[in-house]
Structures are given as C-alpha cells and as structure tokens.
Amino acid sequence: MPVLSFRFHIAAPQQHSPIPLDAISAGTGGRRAQLIGYDAFAADRLLRVAFAGRTSTDDLQDPVTSLLRQLSNSQAALPPGGAMVAYFYDVESGRKALDARGHGRGHERFNIPIPRDGGIQDLLAEARQPDRRFDAVICEDIARIGRRSHVSQEIETLLERAGVLLIAADEPLITSGKRATQPLTRRVKQGVSEWYVLELLEKSWDGLSTHSHMGYNIGKPPYGYLKHDVPHPIASRREQGATKHTSRPTR
C-alpha cells in the first residue's frame with residue numbers, strides 16, 4: 001500500500017488584521033488595514049497621537065484635576081514611538097447626542113494647563129482632513145468619548161472611516177492587527193458605562209423621593225412653611241454638627 005505524505009505550508013504571520021466581511025462586501029478589502037489605522041504602527045515612522053478628554057460638569061467636580069489625570073494616564077499608555085501632537089477636550093455631559101457635543105464653553109471658566117486645539121467636533125473635523133496632524137486618538141477610557149454606547153461607537157466609526165485608530169489607555173494595545181477580542185472588551189465597557197449612569201440617576205431619584213416621603217425637605221421651604229431643624233439620623237454626621245430639616249406650616 002502506498003504511503004501518503006503531506007506537506008504543510010506555514011504562512012508568515014500577518015502584520016495587519018484579517019479582512020472583515022463588511023469590508024469585502026463594500027469592495028474595500030485590501031484597504032482595511034489602512035482604514036483602521038494599523039499602518040501608523042510601522043517601525044519607520046512616528047505615531048502621531050491626539051488626546052481626547054472630557055469631564056462632565058463644571059459645578060460638581062474639578063475639571064482641571066480630571067483632565068490632568070486623563071492626560072497623564074493617556075501619555076503613560078502611548079506605544080513606543082508615539083508622541084502627543086494635539087489636544088482636544090470638552091467640559092460637558094457625555095450623555096448628549098453627538099450633534100450637541102463640543103459646542104460648550106465650560107472650559108473657559110477654568111485655568112486648565114493643557115493646550116486646547118478644540119473639542120470633539122474639531123477633532124472629528126480634522127480627522128477627515130488629508131493633512132491632519134495625527135494618526136490615532138487616545139482617551140483615558142472609552143467612557144470619556146461618550147456615556148451612551150451608540151454615541152461613543154458613532155465617534156469610533158467616524159474616526160475609523162477617516163483612517164484614525166481610537167485607543168483607550170486602559171485597554172490592551174495590540175499592534176499586530178489581531179483585534180477580534182478588542183471590540184468585545186470595548187463594547188462590554190461601553191455597555192457598563194451607559195448602565196452605570198442610568199442606574200446612578202435612577203437610584204438618586206429614588207433616594208430623593210424616599211427622603212421627601214420621610215418628611216425631610218431639601219433646599220428652601222415652600223411658601224407658607226418654615227424650616228425646622230432636626231438631629232441628623234447618622235451618628236457621625238450628628239457629631240459633626242450636621243442636621244436635617246423638615247417644613248412646618250407658618251400657622
């Protein structure tokens with residue numbers, strides 16, 4: 001009986017990501033590597049990175065501290081050969097629709113020691129230009145791009161179409177082009193980010209409702225009532241001199 005022999009050909013490792021089905025159907029097959037920005041990791045060129053930051057409000061937190069932390073963490077996560085060349089950030093809620101984002105002037109109320117090239121709209125506009133200054137965009141985490149999943153994914157898609165890679169400092173950066181696990185990790189984080197904000201809003205509202213049903217008043221008493229201080233129900237707060245108040249009719 002003849003002996004059958006087999007020869008196996010081991011292909012060289014791919015340097016770019018495999019072509020996805022949507023790229024094939026769109027006829028862009030060979031350009032997928034360029035579209036997602038992995039060519040920017042070539043060993044013989046500098047990886048130019050733009051910083052994307054966001055802090056929610058200018059009255060309940062310190063935007064200066066938050067943005068400096070975001071920039072520091074983003075700089076620490078830059079890949080070898082990466083350099084920060086542009087800075088885009090906003091002081092606004094991440095739950096806004098994309099067309100409402102990046103138009104505020106809240107940042108002007110603070111002395112933020114970070115050069116500012118604009119907000120999210122300016123970043124997207126420059127990304128579409130052939131002479132843009134950056135190859136990739138980095139944020140501290142994907143929630144800084146948007147608190148609603150569809151908004152952050154829309155921004156990510158717009159950057160991808162422009163050939164700009166979106167990097168999150170707290171996600172593994174794999175430059176070999178093997179990226180199948182990265183979208184899964186990012187989508188989970190985007191879902192968690194949206195869930196976190198909604199749960200916080202719901203529980204805050206429920207807490208205020210319960211607080212009112214217990215007879216406590218927040219803010220100024222309504223017309224026809226007077227403020228009446230009562231001991232704070234939490235012992236540590238009572239020791240600090242804190243009180244709560246209810247409202248009593250003036251008559």
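Throughout, read-outs are computed from the coordinates displayed, never taken from laboratory work. This one's a predicted model, so the numbers in the text were calculated from it and none came from an experiment. Positions of Cβ are generated from backbone atoms using ideal geometry, with glycine treated the same way; all protein chains shown enter the neighbour counts.
If you keep only loop residues by DSSP, which GluC sites (Glu not before Pro) in segment 127-164 have at most 16 other Cβ atoms within 10 Å of their Cβ? Please list the in-between numbers first.
Working: sites: 140, 154, 156, 160; in loops: 140.
Sites meeting the loop and neighbour criteria: none at all.
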(message) Give me the percent relative contact order of segment 114-235, please, defined on Cα pairs under 8 angstrom at least 6 residues apart.
(response) 23
(message) For residue 220, give me every one of the aspartates and glutamates with a C-alpha distance below 17 angstrom, ignoring sequence neighbours fewer than eight places off in its own chain.
(response) 229
(request) Starting at the first residue of segment 74-87, write each ³J(HN,Hα) from the Karplus equation 6.51 cos²θ - 1.76 cosθ + 1.60 with θ = phi - 60°, in whole Hz, x for Gly and Pro. (result) 5, 5, 5, 9, 4, x, x, x, x, 9, 7, 10, 8, 9
(request) Would you please put 64-71, 221-228 in order of how densely packed they are, using the mean number of other Cβ atoms within 10 angstrom per residue and starting with the highest? (result) 64-71, 221-228
(request) Using amide H atoms built 1.01 Å from N in the peptide plane, name the residues 5+ places from residue 54, or on other chains, whose amide H lies under 5 Å from its own. (result) 90
